[in-house]
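As structure tokens, the structure follows; a few thoughts come after it.
The values are calculated or read from the model by the stated rules, or taken from the named source; none is laboratory data. As the structure is a prediction and not an experimental result, all values here were calculated from the model. So basically every Cβ, Gly included, is an ideal-geometry build from the backbone, and we count neighbours across all protein chains shown. Only protein heavy atoms, including side chains, enter the accessible area calculation; ligands, DNA and RNA are left aside. Shrake-Rupley method; radii C 1.70, N 1.55, O 1.52, S 1.80 Å.
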Amino acid sequence: MTAFAAELRAVAPSCGPVRLVAVDGHAGSGKTTFAGRLAAALGGAPVVHLDDLATHAEPFGWTERLRTQVLEPLAAGRDTGYRVYDWTLRRFASTAAVPLAPVVLVEGVGAGRRAVRPWLARLVWMELAAEDARRRGEERDGPALAEFWEGWARAESAHFAADPSRPYAGTTVDGVTGRISPNTVGEPSTSP
């Protein structure tokens with residue numbers, strides 16, 4: 001992971017002075033875990049979680065919020081923050097800070113979508129089949145969210161059919177092991 005972090009620091013900035021790196025993949029594929037490890041390897045890089053910008057009514061309707069609250073301020077060289085959606089209260093209830101940094105990570109389903117790609121220095125795809133990722137997510141979330149997962153799976157499938165991210169990924173990561181695939185940009189990771 002250290003070599004990959006160094007590689008990302010060396011790429012050209014893509015969003016003003018920032019190297020914006022997206023971590024995308026199916027829900028349950030390991031995006032949040034990988035982004036956390038990568039952020040640590042980058043010395044505490046900020047991570048924007050798209051689950052914080054999505055809502056019940058608009059699971060993929062976060063593009064404008066991401067652009068205005070995060071991307072444009074970073075591109076202008078400013079610290080920023082965004083309003084965080086509370087999934088229990090069903091409203092935006094808090095904020096998260098995003099300090100200006102050499103590398104900022106955006107993680108979540110659709111992070112590499114068409115509207116975000118022009119801002120990206122790198123798109124990382126978590127390689128795990130949709131059905132395996134869903135099974136892992138359902139195990140993580142428990143039976144109380146089974147109905148949510150049913151609806152989510154349909155929405156995610158429709159999203160990726162209309163706006164796939166995987167073909168644009170410069171780096172793929174095995175969603176089971178967390179290792180960077182050797183046939184993509186970035187050195188293979190030895191992290192379990």
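Which condition from (1) modelled with pLDDT of 95 or more; (2) open to solvent by 20 Å² or more (accessible area, probe 1.4 Å) is the one that Glu107 breaks?
Looking at each condition in turn, Glu107 falls short on (2).
Determine, yes or no, whether Arg136 is outside any loop (DSSP other than H, G, I, E, B), modelled with pLDDT of 90 or more and closer than 29 Å to Val103 by Cβ.
On the way: outside any loop (DSSP other than H, G, I, E, B): yes; modelled with pLDDT of 90 or more: no; closer than 29 Å to Val103 by Cβ: yes.
Considered against the rule, which asks whether it is outside any loop (DSSP other than H, G, I, E, B), modelled with pLDDT of 90 or more and closer than 29 Å to Val103 by Cβ, Arg136 comes out as no.
Quick grid of which residues meet (1) over 19 Å from Asp24 (Cβ atoms); (2) touching a Leu at 6+ places or on another chain (Cβ under 8 Å); (3) in a loop (DSSP other than H, G, I, E, B):
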| residue | (1), (2), (3) |
| --- | --- |
| Ser94 | yes, no, no |
| Val104 | no, yes, no |
| Arg114 | no, no, yes |
| Pro118 | no, no, no |
| Thr172 | no, no, no |
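Hey, among the residues in the stretch 142-186 that are among the charged types (D, E, K, R) and under 19 Å from the mean Cα position of the chain (by Cα), which one's most open to solvent (accessible area, probe 1.4 Å)?
As a first pass, look at the stretch 142-186 and keep what is among the charged types (D, E, K, R): 147, 150, 154, 156, 163, 166, 174, 179.
Now restrict to residues that are under 19 Å from the mean Cα position of the chain (by Cα): 156, 163, 166, 174, 179.
Values: Glu156: 15, Asp163: 16, Arg166: 98, Asp174: 58, Arg179: 118 Å².
Selected residue: Arg179.
Among the residues of the stretch 1-49, write down those that are among the polar types (S, T, N, Q) and within 16 Å of Val176 (Cα to Cα). Quick ask: steps written out before the conclusion?
Step one: filter the stretch 1-49 for residues among the polar types (S, T, N, Q), giving 2, 14, 29, 32-33.
If the condition is that a residue be among the polar types (S, T, N, Q) and within 16 Å of Val176 (Cα to Cα), then Ser29, Thr32, Thr33 are the ones that fit.
Taking interchain pairs and intrachain pairs at least six residues apart, which have beta carbon atoms under 8 angstrom, with the first residue in the stretch 130-145 and closer than 18 Å to Ala161 by Cα and the second of a type outside the set (D, E, K, R) and part of a helix (DSSP H, G or I)?
Ala130/Ala153; Ala130/Ser157; Arg134/Trp149; Arg134/Ala153
Take the stretch 36-76 and flag every residue that is modelled with pLDDT under 95 and hydroxyl-bearing (Ser, Thr, Tyr).
Answer for the stretch 36-76, where residues must be modelled with pLDDT under 95 and hydroxyl-bearing (Ser, Thr, Tyr): just Thr55.
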